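For reference, the structure is listed below as structure tokens.
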Amino acid sequence: MKFMPIVPVGFVHQGQLARDVEKAVAKLSRREVVRVRHSVGVDSTGEPAIFFRIVLTDAASKADALADVTGRVSATLFDELRPHENWGLIPYFSFRSKSEQDNRNEPEWA
């Protein structure tokens, strides 16, 4: 078993992480993803984490496509960033549709 040190959140280079997230987001389909935002913090257990807030197109948010789309988007971000291996961060993914975001108008998702 390989030991992976956990990096305290204060030691994550935010600029480099943001650039890496942008590169990963560029690989996502614009027909499915409107935008991706992220923040770094700690999860409910106190472990360093990266929280993704992903706004999907309304078409990609339809019930018949949602599981495939969210799985594909999560896998792409996970595979491209390798958040635990490269950054010592546990990834969390939250999704909402464009129309849901428009109704809620929460700035952290904008």
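The values are calculated or read from the model by the stated rules, or taken from the named source; none is laboratory data. Values in this document were obtained by computation on a predicted structure and should not be read as measured data. Surface areas here come from the heavy atoms of the whole protein model, side chains and all, with no ligands, DNA or RNA. Shrake-Rupley method; radii C 1.70, N 1.55, O 1.52, S 1.80 Å.
Per-structure values
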quantity: C-alpha long axis of helix 63-81 to longest principal axis of the chain, angle in °; calculated: 30 degrees
quantity: Bridge type composition, region 14-109 - antiparallel percent by DSSP, nearest 5; calculated: 55 percent
quantity: Value of [θ]222 nm, deg cm²/dmol, for the chain, DSSP H segments ≥ 4, -39500 (n - 2.57) each, nearest 500; calculated: -11500 deg cm²/dmol
quantity: Portion, in percent, of the accessible area of the chain that falls on carbon or sulfur, probe 1.4 Å; calculated: 54 percent
quantity: P(r) histogram, all alpha-carbon pairs of region 14-109 included - 5 Å bins from 0, percent; calculated: 2, 13, 25, 23, 19, 12, 5, 0
quantity: Extension gain from SER39 to ASP58, taking 0.36 nm per residue of separation minus the Cα-Cα distance; calculated: 4.5 nm
quantity: Per residue accessible area in Å² of region 14-109, where ligands, DNA and RNA are left out and the probe is 1.4 Å; calculated: 55 Å²
